[in-house]
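Student: Once you've had a glance at the structure underneath, I'll fire off some questions.
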Amino acid sequence: MALLSACTQPLPQNTLSPSGPVAEKQADLFFLVFWIAVGVFVVVEGLLLFAAIRFRQRRPEDSPVQVHGNTRLEVAWTIVPALLLAGVAVPTIATIFELARPPTEPAVTIDVTGHKWWWQVEYPEFGIVTANEIHIPVGQPVLLRLTSDELVDQAGLPVIHSLWVPRLAGKQDVVPGRVNDLWLQASAPGDYSGQCAEYCGLSHSRMRFLVVAHEEADFRAWLEDQQAPPGEPTEGDAAEGLEIFTNPLPQGAPPGSTAAACVACHSTEPGVADTLGPSLAHFGSRSLVAAFLPNTPENVARWLRDPPAVKPGSKMPDYDLTESQIADLVAYLQSLK
Amino acid sequence: MAIAATPRVTIFRRPSATHGLAGWLTTVDHKRIGVLYGVTAFVFFLLGGIEALLLRIQLAGPNGQFLSAEEYNQLFTMHGTTMIFLVVMPLSAAFFNYLVPLQIGARDVAFPRLNAFSYWVFLLGGVFLYSSFFLGGAPAGGWFAYAPLSEELAGNGMDFYALGLQILGVASLASAVNFIVTILNERAPGMSLMRLPVFTWMTLVVSFLLLFAMPVIAIALFQLGADRILGATFFNPTAGGDPILWQHMFWLFGHPEVYILILPAMGIVSEVLPTFSRKPLFGYAAVVFSGIAIGFMGWGVWAHHMFTVGLGPIANAAFALSTMFIAVPTGVKIFNWLGTLWGGAIRFATPMLFSLGFVAMFIIGGLSGVTHAIVPSDYQQQDTYYIVAHFHYVLFGGSIFGLFSGAYYWWPKVTGRMYDERLGKLHFWLMLIGFNLTFGPFHILGLQGMPRRIDTYPAGMGWEMWNFVSTVGAFMIAASILTFMVNAVWSAARGRKAEGDPWDARTLEWSIPSPPPHYNFAEIPLVHARDDLWHRKYSEDRSGRPVPVVAGAAATEHDAGGHGDEEEGHAIHMPDPSYFPLVAAAGLPLMGYGLIFHWSIAVLGLLLTLGGLFGWSLEPVAEEGAH
């Protein structure tokens, strides 16, 4: 069943359903070596099985000839595998260098910073900052400049992450104190699922993201949308939510926290980078909340009720919000299209 | 030898117990130490296995709630650390200890008390590491402890990791020195290097690997400990340290470590296949030299664990090449094992099944290993379940199958009793099927994009079915291990008494009774050939087929030497038991606790170790006048 459905709808992170030249080259090379390995497997396991059956002891007095070795065979089974490997080495080395750089000038350069446990995504040319979503145009190479950082001392040291969108490209580690480049390219528009591939602590498995590939015109439209200032709701729950968002909470700061207002850590303005928590600019247009849950009102509410319970180790504390405060905030955040 | 002219001042009366608890605590007999290693490592194997089962329950379906993220992270860290440092390494050491002196015709290892010290350090180091579960939480940074995460994790877990592995490293280093000296210096007359049994050869290669690899991890662990406990900044990127330095250090140790884990099993297989094929090992020299070649080349491939770090295309290309070509000597071994089977008279006793299983599974692990050398495709596979599949095929399908092969093969020699053949075969088939059900699907999961070390995954990724199959397989492995335990108990109670040479085997350990007398050989054997025992039993006719040597000729002469009676045994000088190895070892975990909790405990530990070493150095190997 799973195999059948795999044929119709590619699995979200299947490395063998590539949708871009980088992942395609990687998959091609895998299949080349895979089929050679299958050949070797069949021959060697076949010999093993054959020997075990053919040369089993039939009578207790069976006494085989005491062969000690054969120099010609030794030379042969040293040289033949070496030649086979040398053959595989040629496309391997060629592809290593080919993939080291994009073939043409990248269409857009994006700075991605790994945090525990979310991604800041910045488009310095366009003054856009978002989180856990990387929007790219299709059919053109895109360059990601990757680093890792933590913005608050109490969050501890920045750690190593690894950015991986299996259907577009193999992974690249995200190392604090370094900037690693990764280029990728999508062949078709759509959402490509990705997640952190280097163990980075408590919520490593909840450090996911999406790459959203658009046709060129749609990508331009997305850029424009993101550059627009946030709407300011004037009435209803959303307006109440804005009020809560920008003012210190009546509950005050929970123990161990210095910030009691949402805006202390999160910005809704476009292009504001390196805030303590992820940018919430145009949050309503995003697909994920907390870097791993679908962005539905229910999930946002669940998150606001007790962030560390939803995502272990989350830096956002439980503010003991009331249900009506939560409803207002959800309305406000969803209004940020 | 008449140094001890004046009476010695000592705390302990020289122990003389050979039975009971005191006998075990003070033993310096390599055979008893081997048994201690084996039993202890098996207990840790059960612990590591239970951890694995808990992990598999959590991952059996999407959005697992069975374990919290913190529990999951502690358990996967401890599972890996346990299986590598507390199971496969010491299980190999169990075989080194028990067999090497017997295979080279010696009465003990070169430094019997150092050998006891290694064991006690291993045991106490393992207990130290496991005590973390009760002292604030186990390490949760992965067995690879990548900095800076390993530095910033709260609690004492990673301190236990850094100090615990440091303690275990002391045990490995001491035993490496011991076995190198033993193998080079304690061989019976005529046992030239090229007549050494292959298992002993692999022990020698592994001992050299340990000798050079353990200092590398020791330094890295000192740096990690200094960063964590003293506030140094070796790996701290916010203070000018380099987190990648840890990875270089760790894998410069870690890759030779892989061969430390697999070469002993390869040595075991190289003993079992010839015995149960009734043929000498095909291409002895090639098998030995490929083992040595692996030992050297194993130092030049470490960065293949780091292809996605961003070392650049030049380094990645160089390490791709070295990684591909280490497959060549590995392949040579496999082909020579096939050559050994070819034309033989194969008996499918349990040890042989496990050795054949080793070869069959190791081929798969070796081939998937080659796909990791294909750097661009490794960018996809790195840190996924595909890697987890690969190294379980090598370390479980390889090392563990090989070690079980050895356990069954030498079971009659060690215990003096036969195991039950039907239960043994049931164990094999359950484990072979369970193993493939558990780890085969990991290849598919990895290629379908499932990363390692995730405590949960959402539905809809297409990973549900294979994860469930894998969990079922894991419980099948558990059932196979239970079968082994039942067999062991049955054998102790009901097993038929084993003869000295139940398999019609080839090497010297089979020339003496089962179990061997404490002095091993009543008379040190004179070695005339590789596979000396075989040549005492058989000559060859003109077609090269073995013909039993006429009874009453060479065989009986050797039998007289082999089956020395108690009378004869009393004339043999053996090293005396000692408390000091245990005392010296006991100080090390105390030093560890001291560094974590309060310096005063560390001082106590230091004094204990120094005192133990002091008493040890004043104590002769054997008491004057004792037998």
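Student: So for the pair residue B:127, residue B:540, with labels modelled 7 Å out along Cα→Cβ, what separation do we get in nm?
Tutor: Once both label points are built, they end up 5.3 nm from each other.
Student: Hey, got a sec? Which GluC sites (Glu not before Pro) in region A:1-86 land in a DSSP loop and have at most 10 other Cβ atoms within 10 Å?
Tutor: A:61
Student: Would you calculate the volume per residue, in Å³, of the smallest convex hull containing every Cα atom of chain A?
Tutor: Per residue, the Cα convex hull of chain A comes to 214 Å³.
Student: Want the number for residue B:13 to residue B:433: 0.36 nm per residue separation, take away the alpha-carbon distance, what's left?
Tutor: 145.8 nm
Student: If Lys and Arg each add +1 and Asp and Glu each add -1, what is the summed charge of the other residues whose beta carbon sits under 13 Å from the beta carbon of residue A:81?
Tutor: Once all neighbours under 13 Å are counted, the net charge is 0.
Student: Whole percent per 20 Å bin, from 0 to the bin with the longest distance: what is P(r) over all C-alpha pairs of the protein assembly as shown?
Tutor: Spelled out per bin, shortest first, that is 13, 42, 31, 12, 2, 0.
Student: What residues qualify as long-range amide H neighbours of residue A:306, i.e. H under 5 Å apart, gap of 5 or more or another chain, H built at 1.01 Å from N?
Tutor: Correct list: empty.
Student: Now, a different point. Which whole number gives the average, over all residues in A:28-41, of C-beta atoms from other chains lying within 10 Å of the residue C-beta?
Tutor: Mean partner-chain Cβ count within 10 Å for A:28-41: 4.
Student: For residue A:198, enumerate residues with amide H under 5 Å from its amide H, sequence gap 5+ or separate chain, H modeled in the peptide plane.
Tutor: Placed amide hydrogens put A:162 under 5 Å from residue A:198.
Student: Whole Å is fine, so just give me how far the alpha carbon centre of region A:168-203 lies from that of region B:193-237.
Tutor: One Cα centre to the other: 33 Å.
Student: Specify the inter-centroid distance of region B:149-173 and region B:482-546, based on alpha-carbon positions, in whole Å.
Tutor: If we compute the Cα centre of each part, the gap is 41 Å.
Student: Helix A:216-227 sits at what angle to the longest principal axis of chain A, using alpha carbons and giving 0 to 90 degrees rounded to 10?
Tutor: That helix lies at roughly 40 degrees to the long axis.
Student: I'd like the Karplus ³J(HN,Hα) series for region A:35-45: coefficients 6.51, -1.76, 1.60, θ = phi - 60°, whole numbers in Hz, and an x wherever there's a Gly or Pro.
Tutor: With the stated coefficients, region A:35-45 comes to 5, 4, 4, 4, x, 4, 4, 4, 5, 6, 5 Hz.
Student: Got a sec to turn the phi values of region B:97-106 into Karplus ³J(HN,Hα) couplings, 6.51 cos²θ - 1.76 cosθ + 1.60 with θ = phi - 60°, whole Hz, x for Gly and Pro?
Tutor: 4, 5, 9, 4, x, 5, 6, 9, x, 10
Student: A further question follows. Are there GluC sites (Glu not before Pro) in region A:119-221 that DSSP marks as loop and that have at most 16 other Cβ atoms within 10 Å, and which are they?
Tutor: Those that pass, being in a loop and sparsely packed, are A:125, A:215.
Student: If you don't mind, another one. Starting at the first residue of region A:271-277, write each ³J(HN,Hα) from the Karplus equation 6.51 cos²θ - 1.76 cosθ + 1.60 with θ = phi - 60°, in whole Hz, x for Gly and Pro.
Tutor: x, 8, 9, 6, 7, 5, x
Student: Averaging sequence separations of C-alpha pairs under 8 Å and six or more residues apart, then dividing by the length of region A:1-160, give the relative contact order as a whole percent.
Tutor: Relative contact order of region A:1-160: 15 percent.
Student: Please compute the length gained on full extension between residue A:83 and residue A:224, using 0.36 nm multiplied by the number of residues separating them and subtracting their Cα-Cα distance.
Tutor: 45.2 nm
Student: A further question on this structure: Let me have the 222 nm mean residue ellipticity of the protein assembly as shown computed from DSSP H runs of 4+ only, each contributing -39500 (n - 2.57), with the sum over all residues rounded to the nearest 500.
Tutor: Result for the protein assembly as shown, helices only: -17500 deg cm²/dmol.
Student: Here's a follow-up. Suppose we keep just the alpha-carbon trace of region B:34-128; what are its Rg and Dmax in angstrom?
Tutor: Calculated on Cα positions, Rg and Dmax stand at 17.2, 58 Å.
Student: Provide the gained length on full extension for the span residue A:94 to residue A:247, in nm with one decimal, where the gain is 0.36 nm per separating residue minus the Cα-Cα distance.
Tutor: Here the segment from residue A:94 to residue A:247 would lengthen by 49.3 nm.
Laboratory data are not the source of any read-out in this text; all were calculated from the coordinates shown. Computed from a predicted model, the values in this text were never measured in an experiment. We place every Cβ from the backbone using ideal geometry, glycine too, and count neighbours over all the protein chains shown.
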